[in-house]
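The values are calculated or read from the model by the stated rules, or taken from the named source; none is laboratory data. This is a predicted model, so every value here is computed, not measured. Ideal geometry is used to build each Cβ from the backbone, glycine not excepted, and the neighbour counts take in all protein chains shown.
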Amino acid sequence: MSDTTSADLVLTGGPVHTGSPARSRATSVAVRGERVVAVGHDEVRELIGPRTEVVDLAGRLLVPGFQDAHAHPVGGGLEMGQCDLSGATTLAEYRETITAYARTHADAEWITGGGWAMEAFPGGLPTAAELDVLVPDRPVYLVNRDHHGAWVNSLALERAGLDARTPDPSDGRIERDPDGSPTGMLQEGAANLVGRLVPAVTREERVAGLLRAQALLHSLGVTAWQDALLGEHANLTDPTDAYLACADDGSLTARVVGALWWDRARGTEQIEELLARRAAGTRGRLRSTTVKIMQDGVAENGTAALLTPYLDGCGCVSDNSGISFVPPEDLKKYVTELDAHGFQVHFHALGDRAVREALDAVEAARGANGRTDTRPHLAHLQVVHPDDIGRFRALGATANLQPLWAAHEPQMDELTIPFLGRERAAWQYPFGALLRSGATLAAGSDWPVSSPDPLQGIHVAVNRVAPEAPAGTPVFLPGERIGLLDALTAYTAGSAYVNHLDHETGTIAEGFLADLVVLDRDPFAGPPEEIGATKVEQTFVGGQRVFG
């Protein structure tokens with residue numbers, strides 16, 4: 001056989017999950033250049049020539065490349081090089097990590113980083129006094145795991161001029177002592193009162209962060225993602241220049257859709273800027289074709305927007321229903337105009353009011369513009385009112401799931417369920433209800449908020465129990481479990497659909513791009529509770545091995 005007809009790469013000898021309903025399983029795949037040229041069984045081996053690389057699957061499962069529909073990789077990569085608390089869980093471990101980082105970075109003007117969990121502190125509220133003991137000589141700014149708040153020391157508060165007379169910003173809250181003095185915990189937009197003083201990250205550091213993140217994501221089988229925030233927000237660095245640099249020099253091996261940040265302090269006048277940024281930010285493997293609108297906060301700090309008020313610590317109805325960052329009528333107008341310009345809108349919608357406001361905005365856009373192919377999607381969906389479940393399918397709005405959060409763990413059991421109440425707590429992360437309604441499901445991690453490992457997320461979607469949970473941990477809302485096939489599809493074809501890449505990725509088919517992942521086992525052949533033990537052995541993007 002001549003080299004012009006043989007394949008460059010053949011993966012054979014194991015199960016292949018194609019993702020195609022017509023031929024869901026195969027045993028061999030052939031690749032020439034960057035595309036799949038054959039999917040089947042023993043007949044595909046006829047394409048093996050003298051220069052063909054042959055990967056013996058040896059019973060391991062081959063799947064389409066995972067796509068993360070909501071992640072912040074540059075931020076995650078940067079945090080890996082800062083004071084990274086994500087691997088710790090207790091206050092004692094945080095103290096040890098912060099002290100060691102400050103000691104080994106004696107020349108750093110600020111101590112920055114993050115990844116701490118609210119459940120490590122009473123009421124989810126750390127204090128400046130705890131940091132003052134560890135780092136008395138420099139300001140400290142540490143974002144929490146969900147990036148909706150920051151823990152700062154007294155010197156940082158002093159540098160920012162924050163005291164009992166400082167008013168809360170409209171989009172955030174300063175936690176205070178009884179006398180009104182800031183305690184050291186800043187929620188949502190209040191974090192920027194200190195964050196804006198943190199020394200800027202350099203372009204070189206952003207590029208290094210992106211490449212560090214890309215290597216990690218490829219090692220987890222992620223071949224494409226949607227970056228959920230390109231732009232300036234709070235103290236978050238705009239990763240756009242890093243993406244462009246890597247797109248230009250070829251070091252961006254992943255396929256990336258960038259979600260341009262919607263400045264909630266402005267209106268439709270920013271759309272002309274977004275159009276220019278879309279044009280400038282679409283080259284190589286980067287396409288900046290989406291706009292991200294954060295409609296609310298998070299439930300643990302009471303900023304997720306709810307239809308009825310939170311309960312307080314005593315179980316009584318409070319006066320807080322969370323924050324809608326964009327007024328609902330304005331949201332309808334903005335989304336309609338963005339949709340008319342061909343932008344996909346990516347909503348952060350966590351509480352049931354924010355979900356309804358986002359769906360109302362999509363409905364307004366559909367009414368004004370017709371059913372366009374912009375594929376809006378709502379991320380997080382922690383609390384969804386039952387009346388809104390069917391609207392996803394009706395409106396063509398994709399449900400973008402972060403499955404790792406749908407499990408019993410301290411943040412859920414101590415900081416969320418008691419403040420939602422029994423009825424509303426049962427509306428959380430309704431994956432099964434959405435699937436049964438006919439909604440399109442995509443999936444992502446929100447890394448560095450939580451692990452970027454898709455197999456961990458798939459494990460929770462199927463089991464509604466965390467992979468590392470102790471034996472006997474109760475299943476979280478068992479009726480909302482989904483099957484392994486549906487969870488895997490959400491992380492592959494579902495996210496490919498959201499990323500407008502479904503015409504050539506998300507399934508393994510002839511003519512499609514060879515974005516492929518070799519797992520160390522076939523999780524379909526084992527019990528569901530062992531899915532999370534599955535690891536990635538090799539990852540290919542466009543037929544090129546990027547991990548393994």
Lone unmet requirement of (1) touching a Ser or Thr at 6+ places or on another chain (Cβ under 9 Å); (2) at pLDDT 95 or above for residue 481 = (1)
ask   = Only one of (1) buried (at least 24 other Cβ atoms within 10 Å of the Cβ); (2) touching a His at 6+ places or on another chain (Cβ under 9 Å); (3) not β-branched (Val, Ile, Thr) is not met by residue 356, so which one is it?
value = (1)
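Take residue 330 and tell me if it is in the same structural domain as residue 368 (by TED's automatic domain parsing) and either assigned to a loop (DSSP other than H, G, I, E, B) or crowded, with 16+ Cβ neighbours inside 10 Å (or both).
Taking the combined requirement at face value, the residue does not satisfy it.
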note = Among (1) of a type in the set (D, E, K, R); (2) closer than 25 Å to residue 457 by Cβ; (3) touching a strand residue (DSSP E or B) at 6+ places or on another chain (Cβ under 8 Å), residue 56 falls short only on (2)
remark   = Filtering segment 1-41 for residues that are within 30 Å of the chain's Cα centre (by Cα), surrounded by fewer than 19 Cβ atoms within 10 Å (Cβ to Cβ) and among the small types (Gly, Ala, Ser) leaves a count of 2
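Which is within 21 Å of residue 296 (Cα to Cα), of a type in the set (Lys, Arg) and out of contact with any Phe, Trp or Tyr (no Cβ under 8 Å at 6 or more places or on another chain), of 353, 375? So that I can check it myself, show each step before the final result.
Details: 375 fails: out of contact with any Phe, Trp or Tyr (no Cβ under 8 Å at 6 or more places or on another chain).
After applying the criteria, what remains is 353.
Is it true that some residue in segment 309-320 is assigned to a helix (DSSP H, G or I), in the same structural domain as residue 362 (by TED's automatic domain parsing), in contact (Cβ under 8 Å) with a residue 12 or more places away in the chain and under 23 Å from residue 383 (Cα atoms)? Can you show your working first?
Kept after step one, since they are assigned to a helix (DSSP H, G or I), are these residues of segment 309-320: none.
Scanning segment 309-320 turns up no residue that is assigned to a helix (DSSP H, G or I), in the same structural domain as residue 362 (by TED's automatic domain parsing), in contact (Cβ under 8 Å) with a residue 12 or more places away in the chain and under 23 Å from residue 383 (Cα atoms).
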Filtered residues of segment 386-408 (kept if under 20 Å from residue 497 (Cα atoms), in contact (Cβ under 8 Å) with a residue 12 or more places away in the chain and among the small types (Gly, Ala, Ser)) = 390, 396, 397, 399
ask   = Looking at segment 255-293, which of its residues are among the acidic types (Asp, Glu) and either in a helix (DSSP H, G or I) or more than 28 Å from residue 188 (Cβ to Cβ) (or both)?
value = 269, 272, 273
note = Those residues of segment 255-305 which are among the β-branched types (Val, Ile, Thr), out of contact with any helix residue (DSSP H, G or I) (no Cβ under 7 Å at 6 or more places or on another chain) and farther than 26 Å from residue 116 by Cα amount to 257, 282, 290
task = Return yes when residue 532 is under 23 Å from residue 459 (Cα atoms), in a helix (DSSP H, G or I) and not polar (S, T, N, Q) and no when it is not.
result = yes
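Residue-wise test of (1) in the same structural domain as residue 345 (by TED's automatic domain parsing); (2) closer than 18 Å to residue 17 by Cβ; (3) buried (at least 20 other Cβ atoms within 10 Å of the Cβ).
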| residue | (1), (2), (3) |
| --- | --- |
| 461 | yes, yes, yes |
| 474 | yes, no, no |
| 481 | yes, no, yes |
| 485 | yes, yes, no |
| 493 | yes, yes, yes |
| 515 | no, yes, yes |
| 522 | no, yes, no |
| 530 | no, yes, no |
| 537 | no, yes, no |
task = Return the total of residues in segment 142-182 being touching a residue at least 40 places away in the same chain (Cβ under 8 Å), within 19 Å of residue 199 (Cα to Cα) and of a type outside the set (A, V, I, L, M).
result = 2
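On the given criteria, is residue 58 modelled with pLDDT of 95 or more and either surrounded by fewer than 17 Cβ atoms within 10 Å (Cβ to Cβ) or in contact with a helix residue (DSSP H, G or I) (Cβ under 8 Å, 6 or more places away or on another chain) (or both)? First the steps, then the outcome.
Working: modelled with pLDDT of 95 or more: yes; either surrounded by fewer than 17 Cβ atoms within 10 Å (Cβ to Cβ) or in contact with a helix residue (DSSP H, G or I) (Cβ under 8 Å, 6 or more places away or on another chain) (or both): yes.
The answer is yes for residue 58.
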ask   = Can you tell me which residues in segment 4-34 are farther than 17 Å from residue 63 by Cβ and in contact with a strand residue (DSSP E or B) (Cβ under 7 Å, 6 or more places away or on another chain)?
value = 7, 8, 34
task = Of the numbered conditions (1) surrounded by fewer than 17 Cβ atoms within 10 Å (Cβ to Cβ); (2) β-branched (Val, Ile, Thr); (3) in contact with a strand residue (DSSP E or B) (Cβ under 9 Å, 6 or more places away or on another chain), residue 99 fails exactly one; give the number of that condition.
result = (3)
message = I'm trying to understand the selection: among the residues of segment 144-188, which are hydrophobic (A, V, I, L, M, F, W, C) and outside any loop (DSSP other than H, G, I, E, B)?
response = 150, 151, 152, 155, 156, 157, 160, 174, 185, 186
request  = State whether one or more residues within segment 368-385 are of a type in the set (Lys, Arg), at pLDDT 95 or above and not in a loop (DSSP other than H, G, I, E, B).
outcome  = no
ask   = In segment 388-412, what count of residues is obtained for those that are polar (S, T, N, Q) and over 17 Å from residue 477 (Cβ atoms)?
value = 2
inquiry  = For segment 14-42, give me each residue that is part of a loop (DSSP other than H, G, I, E, B), in contact with a Gly (Cβ under 9 Å, 6 or more places away or on another chain) and at pLDDT 95 or above.
reply    = 19, 33, 34
inquiry  = I'm told residue 226 meets every condition in (1) in a helix (DSSP H, G or I); (2) in contact (Cβ under 8 Å) with a residue 24 or more places away in the chain except one. Can you identify the failing condition by its number?
reply    = (1)
inquiry  = Among (1) crowded, with 21+ Cβ neighbours inside 10 Å; (2) over 23 Å from residue 397 (Cβ atoms); (3) in contact with an Asp or Glu (Cβ under 7 Å, 6 or more places away or on another chain), there is one condition residue 445 misses while meeting the rest; what is its number?
reply    = (2)
remark   = Pairs returned, first residue in segment 232-254 that is outside any loop (DSSP other than H, G, I, E, B) and surrounded by fewer than 18 Cβ atoms within 10 Å (Cβ to Cβ), second residue that is modelled with pLDDT of 85 or more and aliphatic (A, V, I, L, M), beta-carbon separation under 6 angstrom, 6 or more apart or interchain, are 245/207
